[in-house]
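Heads up: the structure comes next, in structure tokens.
Taken together, the values in this text are just the output of simple stated rules run on the coordinates, not laboratory data. Please read these numbers as outputs of a predicted model, since none were measured by experiment. All Cβ positions, glycine included, derive from the backbone under ideal geometry; neighbour counts span all protein chains shown.
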Amino acid sequence: MTEPYAVPVPKGYRVGVWEVREPIATGAFGSVYEGRRVGTGTARPAEVALKFLPTGTGTPRQLSHLRELIDREVELHRRLKQPRLIRMYETLVVDDPERPALDGATVLVLEKAQGSLSALLARTPRPEAGPALLAQICEGLAQLHRAGWVHGDLKPANVLLMQDGSARLADFNMAAELEGTHAYTPAFSTPDYTPPELLWSEIGERGRRIRPSADVWAFGVLAHLVLTDSFPLPGGTPTARRDAAAAYARGTDELRLSPELPDAWREIVRDCLTRTHTDRIGSQALLRRVEAAAGTGRSPRLPRSLLPRRRSRRTTMLAAATAVVAVSALGYGISTWAGAGTEGAGASGGETTKVTAATYGASELRTDKGIPVAYRRLIVDSAHDCVQQEVTPALIAALLKAESNFDPDLSDPSVGEEGEYGIARWTPSVLRWWIRADGVAAEETPRPPFTPAESIPAVGRYLCFIEPRLKTSLPGDRRVLIAASYRTSSKVVNEENGVPARIRDYADRVAHYLKEYTPPGKK
Amino acid sequence: MYSIIVVPPPTTEDETDRTQIRLAPGERLSFGRSASDNDLTIAHDGVSRRAGEITAQGAFWILSNLSREQTYVVENPEGAGEHIKVGPGRLDAPVPFEFSRIVLPAAGDLLAVEVWAPRHDYLSPDGGLDGATTAPAFSVDRTKRYFAVLAALCEPRLRGEPHAPLPTVDQVVDRLRPHWPAASRTSVQWNIDYLAVKLRLKPGPETADTGPRLNGKKESLVSLALRFDLVREDDLIVLRGPARPVAPAPGRAAR
């Protein structure tokens, strides 16, 4: 690191209760140093990261954009405190006329991290903890997006790794709060992580319009990089890769992902790197799939030390940060972390009941009736995405059983004009209306094969649409009526005043499995 | 996502709003006399039936000369005579200029096809070449005339009056004439229009009507330039001369 520091600060310099220690990094807009608390009487941690931004030099006019970038970061930290976002403790302004280079600089006091993902990748390409880290990065994005913000500059250097090996998002200079479907960010970007629609995009006086889907593209690039040590788009230079992205977006080139990418991730990366932003997967749906992929990928080799034990849940291991494995990626709402891969890694775990894929959603969906484990998470989450009480995991599972006997590769071109495909026997022109997480029809009719990851959430959305359209006066189990409408339509079921005779068999099978899959004590 | 703009020769004398053909990287535009074989027809007897092809190649473009015996000259209009020659039959010759004029010798007339490459990248004052660095979305060449025009537009506000009225086009001409004797209303206006393309100014809602809306465009350019520090106070040196090219102002590298 021989590059000059944007803001040189001498070691031992005091700002507020902090003493400046070693430099950590320098970015496009400022420099970060280690900070040690010297004052007492404060609840602040003993060590922090101090980010110095050169707001003091030059005239304010010349640095108008820097001021704006800092305001964005501070505003985000002020409004959002989420477990996967780095924390800010306070902001300070240097008042030191003796040192014109420092006087007036803004200092952000931030949670101190162990390192960044880019440093980890430089040391260890394709880190073993990659999938688990990706799950956490995705969680951070989902948290940001859910709160109505766009990060705008997701890349390895902006993902920080904490002492316990967990990942957090940082550097919110480009972050912007959504206004409807998009936000305005300053016109800065990192070429390798910029989605094609923002390459040479129009820029208004408020900056560049950006959507959460831009972060999703960046996540796809980052996932490909973490898992294969290469960029998804070909080219030896950022410029060549930018041109490849442009050619891909125009449809003149196909996406050729690295053959080293594991299958489970291939689909995820592909759904992040779609040509247009409208086809890109939403971050909430992305999170579920990333967690499933990270979880299934990790579970067979989960070290014994990570199995739950009766120990204090506060115990954390600091060993071997690079070989850390996420327990949370496997299960559900667990955030205990531990070092693994070294012999001393025994003191960890938690008393929280761990939920693995095999028992995911066990309170609503029986685990002993042959529902394939691989689909449990998709089934349960798809049902939970619907506000209608009748759309339950058991209903979706029963429907899939009756439709295809859980055959993900079902292909039945003979039915109707288009045929039916996949685990949910989707008719392509119907699936088009439900395939997208945001409830908008896809631009083109999707072509089979349809993966379970596409099919099952779409079933949840369609059932959720059907439920309020069925008359309340219809006789029989409402859930079976919903399934019957899936097979025919809510209009047909309303008109025939119940399950149409010709699909009686189907409805009976759904009713049978519905009962079988529902845990005792549940409706 | 276009990176190259082709402006065909004017078809009638008075046409002010010349067509612009936008090419994205990888897109190809063939030109020549024949209306059936070409994307761009140049109806002049002296031009070959299939005269040539322009292909956008990332931020630059390549020219193929498909004629049998004519050499095409590609001039850099701001380059003080700088030009390249592309001989007959030469395929895919790279052209490095941001502004180019392809001169087609056509039976005594010289027809000029203009090609702009507004996406050229320049080293930013504080960034590297690296694809992982957060970089501004604009890159401007501080030695070009458009930069002098932008600086002249921004000058009053950079000199300390944040709400100063913008100079009129005529005032910009007067300001620039000492170092750019050929400056005229038209050339300054041309540079303003080019800046709007180059900085990818979002066309405002007012572009629908064709009335005098130049002020809106200037206003947007200046606020964009100031907001993103495309022009800073020490850049105003380009207005003082000496004549271009101007070395980067001292102190910039240190920032």
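Once the chain from A:Glu444 to A:Arg206 is taken as fully extended at 0.36 nm per residue, the excess over their C-alpha distance is 82.4 nm. When only Cα pairs below 8 angstrom with a gap of at least 6 residues are kept, the stretch B:145-239 shows a relative contact order of 43 percent. What the Cα convex hull of the stretch A:84-139 gives, in volume per residue, is 110 Å³. If one puts a single equal scatterer on every Cα of the stretch B:4-116 and applies the Debye formula without solvent, what log₁₀ I(q)/I(0) results at q = 0.09, 0.11, 0.17, 0.23 Å⁻¹? Taken in order of the listed q values, log10 I(q)/I(0) reads -0.20, -0.31, -0.77, -1.50.
In this rough spin-label picture, where each label sits 7 Å from Cα along the Cβ direction, the A:Glu495-A:Glu179 distance is 4.7 nm. For the stretch A:123-179, the normalised intensity computed at q = 0.12, 0.17, 0.30, 0.31 Å⁻¹ comes to -0.29, -0.56, -1.31, -1.35 (log10 of I(q)/I(0), Debye sum over alpha carbons, equal scatterers, no solvent).
Placing pseudo-labels 7 Å out from each Cα toward the beta carbon at A:Thr252 and A:Arg270 gives an inter-label distance of 2.4 nm.
Here the convex hull built on the C-alpha positions of the stretch A:373-517 has a volume of 105 cubic angstrom per residue.
With the simple spin-label model, which puts each label point 7 Å out from Cα in the Cβ direction, the A:Thr367 to A:Arg123 separation comes to 3.7 nm. For A:Lys515, a cut-off of 14 angstrom between C-alpha atoms picks up these aspartates and glutamates, skipping any fewer than 8 places away in its own chain: A:Glu364, A:Asp368, A:Glu390, A:Asp477.
The average projected area of the stretch A:410-458, computed from the convex hull of its Cα atoms over all directions, is 3.0 nm².
For a paramagnetic label modelled on A:Ser230 (point 7 Å from Cα along Cα→Cβ), amide N atoms under 14 Å away belong, within the stretch A:260-287, to A:260-262. If r is the Cβ-Cβ distance from A:Arg44 to A:Arg67 and R0 is 35 Å, what FRET efficiency results, to the nearest 0.05? For A:Arg44 and A:Arg67, the calculated efficiency is 0.85.
Net charge around A:Thr472, counting only other residues with Cβ within less than 12 Å of its Cβ (Lys, Arg = +1; Asp, Glu = -1)? Numbers along the way, then the final one.
On the way: positive: A:Arg469, A:Lys471, A:Arg478; negative: A:Glu390, A:Glu467.
For residues surrounding A:Thr472, the net value is +1.
For peptide A:149-156, the mean count of partner chain Cβ atoms within 10 Å of a residue's Cβ comes to 1. Placing a label point 7 Å from the Cα of A:Gln284 along the Cα-to-Cβ direction, the residues of the stretch A:434-459 whose backbone N falls under 20 Å of that point are A:434-442, A:453-459.
Roughly how compact is the stretch A:14-112, stated as its Cα Rg over 2.2 N^0.38 Å to two decimals? Each step should come with its number before you reach the end.
Details: Rg = 13.4 Å, N = 99, 2.2 N^0.38 = 12.6 Å.
In units of the globular-protein estimate, the stretch A:14-112 measures up at 1.07.
Give, as a single signed number, the net charge of other residues whose beta carbon lies under 12 Å from the beta carbon of A:Arg126, with Lys and Arg counted +1 and Asp and Glu -1. It works out to a net charge of -2. Here the peptides B:159-171, A:229-241, A:152-164 are ranked by packing, the mean other Cβ count within 10 Å, and the order with the highest first is A:152-164, A:229-241, B:159-171. Express in % the proportion of alpha carbon pairs of the stretch A:116-294 at distances exceeding 23 Å. Tail fraction, whole percent: 35.
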